[in-house]
Amino acid sequence: MGVFSRFLDIVNANINSLLDKAEDPEKMIRLMMQEMEDTLIELKSSCAAKMAGRAKTERMYKESENAMQRWQSRAELAIAKGREDLAREALLEKKRAKAEVDRLSGELDVADGLIKTSKDEINQIEDKLASVKQKYQVMVERAKRAKEEQAAQDTLRRAAESATYDRFSSMEEKIDRMQAGNTLNRARSSNLDDRFKDLEQMDDIDAEIAELLKRAGK
């Protein structure tokens, strides 16, 4: 579905307002440009037809002018030869030719007005199209910059995340090494305690054995 319905819709359109209301401004502006270009094709085709019609009318106008002059010359010739009757007929033909000249002159004036209007309309649409193309170019450049900025931000974010991950990974490795060292220290300490406890228990047992031997008189 088109944005515009006729020529006046285009030249009177508030492009900024239409774009502000559009859900997809870039799509809307492409549609506008397409419609304007289609309208230009129609206007130029129509103007070309008017110009061709005017050229044909101008040829007929010149032919009628030549006919008028030719009948004037014949009337003069007839008078010179004493043929007043032929002179009258020649002047009647001249009158008809003049009427045709006047009619075609009016058609040329109308054609000139129509062609001027067509050219003005073409110029208005071309100016509007140039404005829309400029807005589209600005929009494309802004979208390009936004994508580039987003890509840069994504790169920085990934780099920051990678650096953070590396720092955490390094910290985790240090913690793992510390925990492993503590475990080994605790193991060595526990092992030493057990050995001393074994010694202490052996002393108690030796004392008990000595007591038993003493009671047995040995």
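Structure data summary
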read-out	value
Long-range neighbours under 7 Å by Cβ, at least six apart or interchain, first residue touching a residue at least 12 places away in the same chain (Cβ under 8 Å) within segment 58-81, second polar (S, T, N, Q) and surrounded by 13 or more Cβ atoms within 10 Å (Cβ to Cβ)	Tyr61/Ser105
Qualifying residue in segment 52-74 (condition: under 20 Å from Leu8 (Cα atoms), out of contact with any Ser or Thr (no Cβ under 6 Å at 6 or more places or on another chain) and polar (S, T, N, Q))	no
Segment 68-88: number of residues that are in a helix (DSSP H, G or I) and either on the phi > 0 side of the Ramachandran plot or in contact with a Lys or Arg (Cβ under 9 Å, 6 or more places away or on another chain) (or both)	11
Search result, residues across segment 125-139 that are without any contact (Cβ under 8 Å) to a residue 60 or more places away in the chain and of a type outside the set (Asp, Glu)	Ala130, Gln134, Gln137, Val138
Residue ID - farthest from Arg103 (Cα to Cα), chosen from residues in segment 9-67 that are in contact with a helix residue (DSSP H, G or I) (Cβ under 8 Å, 6 or more places away or on another chain) and in a loop (DSSP other than H, G, I, E, B)	Ala22
Single residue of segment 23-65 satisfying the filter (basic (Lys, Arg) and farther than 19 Å from Leu129 by Cα) that is surrounded by the most Cβ atoms within 10 Å (Cβ to Cβ)	Lys50
Exclusive hit being touching a Leu at 6+ places or on another chain (Cβ under 7 Å), closer than 30 Å to Asp38 by Cβ and among the acidic types (Asp, Glu), set Glu121, Glu58	Glu121
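Here is a yes/no grid of residues against (1) among the acidic types (Asp, Glu); (2) over 20 Å from Asp24 (Cα atoms); (3) at pLDDT 80 or above:
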position: Leu129; (1), (2), (3): no, no, yes
position: Val138; (1), (2), (3): no, no, yes
position: Asp154; (1), (2), (3): yes, yes, no
position: Ala159; (1), (2), (3): no, yes, no
position: Thr164; (1), (2), (3): no, yes, no
position: Arg167; (1), (2), (3): no, yes, no
position: Ser170; (1), (2), (3): no, yes, no
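The values are calculated or read from the model by the stated rules, or taken from the named source; none is laboratory data. As the structure is a prediction and not an experimental result, all values here were calculated from the model. No Cβ is skipped: glycine too gets one built from the backbone with ideal geometry, and neighbour counts run over all protein chains shown.
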